[in-house]
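Colleague: Before anything else, here's the structure in question.
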Amino acid sequence: MSLIHEIDYGTPASKSEKLVTLTIDGCEVTVPEGTSIMRAAMDAGIEVPKLCASDMMDAFGSCRLCLVEIKGRAGMPASCTTPVAAGIEVSTQTPRLKDVRRGVMELYISDHPLDCLTCAANGDCELQDMAGAVGLRDVRYGYEGENHVTARNNGEINAKWLPKDESNPYFTYDPAKCIVCSRCVRACEEVQGTFALTIGGRGFDSRVSAGMAEDFMSSECVSCGACVQACPTATLTEKSVIEIGQPEHSVVTTCAYCGVGCSFKAEMRGEELVRMVPWKDGQANRGHSCVKGRFAYGYSNHKDRILNPMIREKISDPWREVTWEEAYAHVASEFRRIQYQYGRDSVGGITSSRCTNEETYLVQKLVRAGFGNNNVDTCARVCHSPTGYGLGQAFGTSAGTQNFDSVEFTDVAVIIGANPTDGHPVFASRLKKRLREGAKLIVIDPRRTDIVRSPHIEASYHLPLQPGTNVAILTSMAHVIVTEGLADEKFIRERCDWSEYEDWAAFVAEPYHSPEATEAYTGVPAELVRGAARLYATGGNGAIYYGLGVTEHSQGSTTVMAIANLSMVTGNIGRPGVGVNPLRGQNNVQGSCDMGSFPHELPGYRHISDDATRETFEKLWGVEISNEPGLRIPNMLDAAVDGTFKGIYIQGEDILQSDPDTKHVAAGLAAMECVVVHDLFLNETANYAHVFLPGSTFLEKDGTFTNAERRINRVRKVMTPKNGYPDWEVTQKLAQAMGLNWNYRHPSEIMDEIAATTPSFALVSYDYLDKLGSVQWPCNEKHPEGSPIMHVDGFVRGKGKFIRTEYVATDERTGPRFPLLLTTGRILSQYNVGAQTRRTDNVVWHAEDRLEIHPHDAEQRGIRDGDWIRLASRAGETTLRSLITDRVAPGVVYTTFHHPTTQANVITTDFSDWATNCPEYKVTAVQVMPSNGPSDWQVDYDEQARQSRRISGKLEAAE
Amino acid sequence: MSHDNTNAKLIYMANQIATFFKSQPQNEAAQGVATHINKYWEPRMRRKLFEHIDNGGEGLTPLVLEAAAKIKRPEAA
Ligand code: SF4
Ligand code: SF4
Ligand code: SF4
Ligand code: FES
């Protein structure tokens, strides 16, 4: 093992197909037109000295170190800003160039501290490298003159010197070491798209500054770390590197936070993680990341992590630590007892969207082969199950149609019910880049999300609809497209069922679907809807990206179908730049769905009633599989309350916090006799558990995650599991205790079984993934290299299916008691229920959940910004602090649900999507009023949680 | 929460499904409801639905009742 050094070509690759041949230092090189001389040289293995260039961003040409000479041309052009030309002869090293470069370096070094030996970047500093490369041997100027290096100069205070900025929890800015190459500024602009940094001042006075000469924490900075990665010196440095030192080996792995699935190099010193650096070859993220993936891994060492298995008789008892063997034996005997007593169908399991494909596969296998029923579900139920249903109906497969690279070819992006800058930051950065290049943007969201207006980006249309009216708006857009003759009939005739199209077109053309008619309840002016529809239909490549604001509604599945209809009617499917793209919440939502986590389907989305599919697994597993669908999470809880469901194995999920109607979830869990929670921490669900099995983090195991673009990425173990065993091994031991004959020695063997049984994974293996880096399913004989874009020559189901989408108002309505609509979401620095991110320094950005409320509604209720308020719905009430903002429309309030004390889901109701029971998180009728403290429920809950976290023999851990 | 409550939930869910299929082409509606319930409802849930239908089916929309003939009756528990 060694440190992976990625080649920096100095400037981005050219996309041109035309090739140009030139000579550099006597070698002939052929490169695409538009390539810089610097990059062409690197292609030929010649490294031209450079400081201000990096292939992550456009050339800038400020350091003058990369000069070259071209035969027949005067002067010494900068190789980073000079494109190649046919036949030119370039020299990168001549006596003249050597002199100039030394002179340049001498000037740099004369204003730079010479504490290399104790500098955090020692060994990883490009300034140091370049001094070596140009053969700098002495510096003629001392620090007596003007400089930025010393706090005092000749006894006087040096006004040019600035102290370190250590405000960001993860990196420091030491202006004394800055060479003003502006790589950080350009990274923030071009790679991240936040524009938080500027170069202030001119000439020798110029300095990098965050925001308006603020510190990093107070500026617009979102802590993505792109600037830190770009900085060639120690000016911007990870605090972990300062603390630990330079890494000595690295391993490529995949972020465990969101559905973008960024690839990282985990840079290590022994078993200690020094830092995470986004991997340039990662095809989802192309060398970029967000604050969570790059910095928020500290939870894996948090003191709250539970490392020993624990058991208790009753949930009111304190926990008792036991051996793994005892724990397995206990679970096995309890589950057998329950099944004997209450029937085979009285137990089930929940797979995790945070665990690997292999672990998920094993949990559903344990349920199907070990428990002998199909009572398995996953938390994707509460986020993207409507995607599965809706896209499955329309296209024949339940996955996004594009890769993330596709956005580079998009002309009109439509974002519906998603907040990518917070939820899918790296995708947002890539989208913003495309928008700055001129692509148009339509945002359909009740809230004015950040992407609507941000530096150098302005949405052409923002449709601020009433929560719950997605179907009405999208059907209205279809109405405009059909009635104004904007449908792509050629595409439809070729690719879709024409008679279904005619039926659908007649349906959407009905006058009651017109924007003028729907305006009354969607609240969106008709002209905006018409404009947006025309733009999407006629603006070139149109791509739809959507999130939980689409799925978490009583008409979630219908909305997904409406989206599919729009893409088909405009012919926006089956090539780069277009498509329908669900933005998945958790890292492995896609994978957990693929792996047969739903109670009605086996891996690869094959219905449980299909005899041939069952037979495949029955033969391999040597058991009979029930042909009846099992219970979904909400049905399990209902059955528990009814007394027919008594035991559950929950891997890596916190249903008490993440599922709606907390009180009902609590009642269901309380009615069970054996609740087994397998997780890193004593999560909220564990308050109701009888057995706790410690889990492992993504750093501690091998496996794969599948991201939102169907990309199967390797997760690689970089350290020994603190709890002793990766999760897949725990499930296997549990299965063995229940008498199943499982003998996987490595997760790769599990993947082999998946490939052998699931046609869309047929060619996937760890060896193959090592070879290709990653692959997008389907990956089989027909698509040996995987499938970046789906439905290219035809839909998976054959003909695309248009489906009528009638708007039905949700039964969750406002009235005199609950006059406001609550909608929920997430923010950048925190992740889902926050169990991980809350245990990192990310809390500095989001210490609590706040309720966003419009100034008008706040004033009516006498609420000031920051006041404690009571938030009540017919399901329950909670308290939190207010945040007054006009991002939300009057009548709408908004909050996140990252902190357990807020218990936002005490408020949400049990209404759900008609097709999949995906809960309706996005619409709850509520009332808001001033309050002076936590609700009774919060007080009781806190006390109960505290009680149920007691471990005998251990002092109570303070939260 | 009582059995009645679970029943009320099932009725609500069945009606919700019917509401969607009611808007689909007429000749597909009842089959649509039945197929959906057959594919996604665990036998316990279907059994309860039938118990309720056999008791008169109060609260169920006509389309659910029409679809009932096509819904698979689970074996007795
Ligand atoms: S961390 Fe990211 S957002 Fe912050 S200044 Fe650096 S590049 Fe910009
Ligand atoms: S902070 Fe680093 S990247 Fe930014 S200008 Fe200074 S040396 Fe260059
Ligand atoms: S959280 Fe998402 S966007 Fe951020 S690094 Fe991880 S995968 Fe990438
Ligand atoms: S690298 Fe070309 S001018 Fe700096």
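The values are calculated or read from the model by the stated rules, or taken from the named source; none is laboratory data. Treat the numbers as computed from the prediction; the structure is a model and nothing was measured. Cβ: placed from backbone, ideal geometry, glycine included. Neighbour counts: every protein chain shown. Areas reflect the complete protein model, heavy atoms only, side chains present, ligands, DNA and RNA absent. Shrake-Rupley method; radii C 1.70, N 1.55, O 1.52, S 1.80 Å.
Colleague: Could we say that A:G270 is within 16 Å of ligand 2 (Cβ to nearest atom) and either at positive phi or touching a Ser or Thr at 6+ places or on another chain (Cβ under 9 Å) (or both) here?
Modeller: no
Colleague: Run down A:R817, A:R813, A:R804 and say which single residue is open to solvent by 40 Å² or more (accessible area, probe 1.4 Å), among the basic types (K, R) and within 14 Å of chain B (Cβ to nearest Cβ).
Modeller: A:R804
Colleague: If you scan the stretch A:337-361, which residues turn out to be exposed (fewer than 15 other Cβ atoms within 10 Å of the Cβ) and more than 14 Å from every other protein chain (Cβ to nearest Cβ)?
Modeller: Result: A:R337, A:Y340, A:Q341.
Colleague: From the list B:A14, B:A18, B:A67, exactly one residue is of a type in the set (A, V, I, L, M, F, W, C), more than 13 Å from chain A (Cβ to nearest Cβ), open to solvent by less than 10 Å² (accessible area, probe 1.4 Å) and within 10 Å of the chain's Cα centre (by Cα). Which is it?
Modeller: B:A67
Colleague: Conditions: (1) more than 8 Å from chain A (Cβ to nearest Cβ); (2) on the phi < 0 side of the Ramachandran plot. B:G56 meets all but one. Number of the miss?
Modeller: Of the numbered conditions (1) more than 8 Å from chain A (Cβ to nearest Cβ); (2) on the phi < 0 side of the Ramachandran plot, the odd one out for B:G56 is (2).
Every residue, every condition in (1) open to solvent by less than 10 Å² (accessible area, probe 1.4 Å); (2) in contact with a Gly (Cβ under 8 Å, 6 or more places away or on another chain); (3) within 11 Å of another protein chain (Cβ to nearest Cβ); (4) not small (G, A, S), yes or no:
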site	(1), (2), (3), (4)
A:I650	yes, yes, no, yes
A:Q657	no, no, no, yes
A:E673	no, yes, no, yes
A:L680	no, yes, no, yes
A:H690	no, no, no, yes
A:G695	yes, yes, no, no
A:T706	yes, yes, no, yes
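Colleague: Could you check the stretch A:151-179 and list, in sequence order, the residues that are within 16 Å of ligand 4 (Cβ to nearest atom) and either within 30 Å of A:R839 (Cβ to Cβ) or in contact with a Phe, Trp or Tyr (Cβ under 9 Å, 6 or more places away or on another chain) (or both)?
Modeller: Across the stretch A:151-179, the qualifying residue is only A:I179.
Colleague: Related question: Of everything in the stretch A:247-258 that's part of a loop (DSSP other than H, G, I, E, B) and at pLDDT 90 or above, which residue is farthest from ligand 4 (Cβ to nearest atom)?
Modeller: Only one residue fits best here, namely A:C255.
Colleague: Among the residues of the stretch A:605-639, how many are at the interface with another protein chain (Cβ under 10 Å from one of its Cβ atoms) and not in a loop (DSSP other than H, G, I, E, B)?
Modeller: The qualifying residues number 7.
Matching residues to (1) surrounded by fewer than 21 Cβ atoms within 10 Å (Cβ to Cβ); (2) more than 16 Å from ligand 2 (Cβ to nearest atom); (3) part of a loop (DSSP other than H, G, I, E, B):
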| site | (1), (2), (3) |
| --- | --- |
| A:E17 | yes, yes, yes |
| A:E28 | yes, yes, no |
| A:M42 | no, yes, no |
| A:I46 | yes, yes, yes |
| A:K50 | no, no, yes |
| A:S54 | no, no, yes |
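Colleague: Could you tell me how many of the residues in the stretch B:41-60 are free of Cβ contacts under 8 Å to residues at least 12 places away in the same chain and open to solvent by less than 30 Å² (accessible area, probe 1.4 Å)?
Modeller: The qualifying residues number 3.
Colleague: Working only within the stretch A:260-305, note down all residues that are among the β-branched types (V, I, T), in contact with a strand residue (DSSP E or B) (Cβ under 9 Å, 6 or more places away or on another chain) and either modelled with pLDDT under 90 or within 15 Å of ligand 3 (Cβ to nearest atom) (or both).
Modeller: A:V277
Colleague: Quick check on my filter: what residues within the stretch A:332-367 are in contact with a strand residue (DSSP E or B) (Cβ under 7 Å, 6 or more places away or on another chain) and charged (D, E, K, R)?
Modeller: A:E334, A:R354, A:E358, A:E359
Colleague: Please verify whether the stretch A:203-216 includes one or more residues that are surrounded by fewer than 16 Cβ atoms within 10 Å (Cβ to Cβ), farther than 13 Å from A:E166 by Cα and of a type in the set (A, V, I, L, M).
Modeller: Yes: one or more hits.
Colleague: All but one of (1) open to solvent by less than 10 Å² (accessible area, probe 1.4 Å); (2) more than 10 Å from ligand 2 (Cβ to nearest atom); (3) at pLDDT 90 or above hold for A:P232, so report the exception by its number.
Modeller: Here A:P232 meets the rest and fails (2).
Colleague: Those residues that are surrounded by 24 or more Cβ atoms within 10 Å (Cβ to Cβ) and assigned to a loop (DSSP other than H, G, I, E, B), I need them from the stretch A:259-276; list them, please.
Modeller: Those that are surrounded by 24 or more Cβ atoms within 10 Å (Cβ to Cβ) and assigned to a loop (DSSP other than H, G, I, E, B): A:G259, A:V260, A:G261, A:C262.
Colleague: So, in the stretch A:428-455, how many residues would count as being more than 13 Å from ligand 1 (Cβ to nearest atom) and either within 14 Å of chain B (Cβ to nearest Cβ) or out of contact with any strand residue (DSSP E or B) (no Cβ under 8 Å at 6 or more places or on another chain) (or both)?
Modeller: Qualifying residue count for the region: 5.
Colleague: Looking at A:A74, is it away from ligand 1 (no atom under 16 Å from the Cβ), open to solvent by 70 Å² or more (accessible area, probe 1.4 Å) and either in contact with a helix residue (DSSP H, G or I) (Cβ under 8 Å, 6 or more places away or on another chain) or more than 23 Å from A:C181 (Cα to Cα) (or both)?
Modeller: yes
Colleague: Looking at A:R887, A:R870, can you tell me which residue is in contact (Cβ under 8 Å) with a residue 12 or more places away in the chain, under 26 Å from the mean Cα position of the chain (by Cα) and outside the structural domain of A:T685 (by TED's automatic domain parsing)?
Modeller: Unique residue meeting the criteria: A:R887.
Colleague: So, in the stretch A:911-946, exactly how many residues are modelled with pLDDT of 80 or more, outside any strand (DSSP E or B) and polar (S, T, N, Q)?
Modeller: 3
Colleague: Something else about it: For the stretch A:397-423, which positions are in a loop (DSSP other than H, G, I, E, B) and open to solvent by less than 20 Å² (accessible area, probe 1.4 Å)?
Modeller: Correct list: A:T397, A:S398, A:A399, A:G400, A:T401, A:Q402, A:T410, A:G417, A:A418.
Colleague: From the list A:A131, A:A121, A:A176, pick out the single residue that is in a loop (DSSP other than H, G, I, E, B) and either open to solvent by 60 Å² or more (accessible area, probe 1.4 Å) or away from ligand 3 (no atom under 16 Å from the Cβ) (or both).
Modeller: When all the criteria are applied, what remains is A:A121.
Colleague: Tally the residues that are within 9 Å of chain A (Cβ to nearest Cβ) and touching a residue at least 24 places away in the same chain (Cβ under 8 Å), restricting the search to the stretch B:1-11.
Modeller: Result for the stretch B:1-11: 2.
Colleague: Shifting gears a bit: Mind listing just one residue for me: the one in the stretch B:24-37 that is more than 16 Å from A:D913 (Cα to Cα) and at the interface with chain A (Cβ under 8 Å from one of its Cβ atoms) and, of those, surrounded by the most Cβ atoms within 10 Å (Cβ to Cβ)?
Modeller: B:Q24
Colleague: Let me ask something else. Here is a check on your reading of the model: is A:K314 open to solvent by 30 Å² or more (accessible area, probe 1.4 Å), more than 16 Å from ligand 2 (Cβ to nearest atom) and either out of contact with any Lys or Arg (no Cβ under 9 Å at 6 or more places or on another chain) or charged (D, E, K, R) (or both)?
Modeller: yes
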